[in-house]
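Remarks on the structure that follows.
The values are calculated or read from the model by the stated rules, or taken from the named source; none is laboratory data. Computed from a predicted model, the values in this text were never measured in an experiment. Here the Cβ positions follow ideal geometry from the backbone for every residue, glycine too, while neighbour counts run over all protein chains shown. When the accessible area is computed, the model is the full protein with side chains, heavy atoms only, and any ligands, DNA or RNA have been set aside. Shrake-Rupley method; radii C 1.70, N 1.55, O 1.52, S 1.80 Å.
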Amino acid sequence: MKTVQLFKKKDADWSYIGEEQELKKPLVLVFGNRYLLEREHIYEEIKELFPDGHIIFGSTSGDIAANMVNDDSISITAVEFEKSTFLVKTKNVLNVEVDSFKTGADLVDQFPKEGLKFIFIVSEGSFVNGSELTKGMNSVVNDDVLITGGLCGDDARFEKTVASYNEDPKSGEIVAIGFYGDTLEATSSINGGWTPFGPERTVTKSKSNVLYELDGLPALDLYKKYLGEKSKELPGAALLYPLNVKSTNEEQSIVRTILNINEEDNSMILAGDILEGSKVQLMMTNVDNIVCAAEEAALQAKETRKEESQLALMVSCIGRKLVLDQRVEEEVEEIIEVVGDNAVFCGFYSYGEIAPFKSEIPCQLHNQTMTVTLLSE
């Protein structure tokens, strides 16, 4: 496996991270600020750098390259696989009635099943229901296929996200990369570091990813009551106080971020489904807990590996980034320390992370987690 990494800030030239080298038909992961990815001719610009590359774009709430977390920037990680192969498939959900389950199933069903080991997802993050998307993907893959990835971000603006494959980034695009190879090894893990607090409430009215009532009372009113003065900063303040959701349909509780609010009907729009009858609690965290959780995710991803990691893909949540603030690179540094600096590290801050729970096979949509996927060939 050979790799090249570059990054650039707005109006600056490209800077190499590490050595510059020629790559043959590489997978080129381009993560960056949505405004910069929407510049005219951005695809042609990257194509000049990697003429025969397979170029994947995804907008972020911060991009990760090596030990750096960059804002208002674009980071590139180009990978030439020497023993493995990959295919790229896309699906666009713009201007159609979004059936996220069917979208996930149709997207992943495009891959030949024989030899498929791992799928990495770079999904639009504005209006796809991530819970249904992952269920759809799970429905059409074999039990031994690992699926990880994330929903694209747009800083803390939540205006729109963009992604693409071999063209200028656009809205509504979902990109899947399928990896094949007898010696390819892919392992992953997630961890959050958030702690529930306050009373546990029952979801008495919800539809898909919209929460209307808790204990028979308007959900938004209750949420504002707990936030106190911080309720004036909604919906942004909600990223610091997600919900712990325990569903009768799931063995493990799931963290759900509140993406938006609706003052007219006192509802909250979550990043994934929330079923009636579920139990929910507010959650909070601090910098040390988040950094420790990132370390634990790396340890768990590494513990089952047979070979040394060559590439580490990290997808973390914008809510974690807001808590970490000036110390945001600490969670990346913890992962590098665990995995070892012989690997190449890249990734992005997202609106939702995709990965299985530890010791499970089907992928899930998560919020407020660090997802670590380790690859070698």
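How about the range 30-88: which of its residues are in a helix (DSSP H, G or I), without any contact (Cβ under 8 Å) to a residue 40 or more places away in the chain and open to solvent by 10 Å² or more (accessible area, probe 1.4 Å)? Correct list: TYR35, LEU36, GLU44, GLU45, LYS47, GLU48. Contact map, the range 224-252: residues that are at pLDDT 85 or above paired with residues that are in a helix (DSSP H, G or I) and among the hydroxyl-bearing types (Ser, Thr, Tyr), Cβ distance under 7 Å, separation 6+ or inter-chain. Pairs shown: LYS224/SER231.
Here the condition is being under 17 Å from PHE127 (Cα atoms) and either more than 22 Å from the chain's Cα centre (by Cα) or among the β-branched types (Val, Ile, Thr) (or both); of THR161, THR187, THR195, it holds for THR161 alone.
Taken together, the residues in the range 89-123 that are at pLDDT 95 or above, surrounded by 19 or more Cβ atoms within 10 Å (Cβ to Cβ) and in a loop (DSSP other than H, G, I, E, B) amount to 1. When the test is whether a residue is surrounded by fewer than 24 Cβ atoms within 10 Å (Cβ to Cβ), among the hydroxyl-bearing types (Ser, Thr, Tyr) and either assigned to a strand (DSSP E or B) or at pLDDT below 95 (or both), SER359 passes it.
Among residues of the range 358-377 that are in contact (Cβ under 8 Å) with a residue 40 or more places away in the chain and on the phi > 0 side of the Ramachandran plot, those with a beta-carbon under 8 Å from a residue that is open to solvent by less than 10 Å² (accessible area, probe 1.4 Å) and in a loop (DSSP other than H, G, I, E, B) at least six positions away or on a different chain give the pairs GLN368/PRO242; GLN368/THR257.
The residues of the range 54-106 that are aromatic (Phe, Trp, Tyr) and either touching a Phe, Trp or Tyr at 6+ places or on another chain (Cβ under 9 Å) or closer than 19 Å to LEU116 by Cα (or both), listed by number, are PHE57, PHE81, PHE86. Residues of the range 192-231 that are part of a strand (DSSP E or B) and either of a type in the set (Lys, Arg) or open to solvent by less than 40 Å² (accessible area, probe 1.4 Å) (or both): ARG201, THR202, VAL203, LYS205, SER206, LYS207, VAL210, LEU211, LEU214. With (1) open to solvent by 50 Å² or more (accessible area, probe 1.4 Å); (2) modelled with pLDDT of 95 or more; (3) not in a loop (DSSP other than H, G, I, E, B) as the list, and LYS25 as the residue in question, which single condition is left unmet? With (1) open to solvent by 50 Å² or more (accessible area, probe 1.4 Å); (2) modelled with pLDDT of 95 or more; (3) not in a loop (DSSP other than H, G, I, E, B) applied to LYS25, the lone miss is (3).
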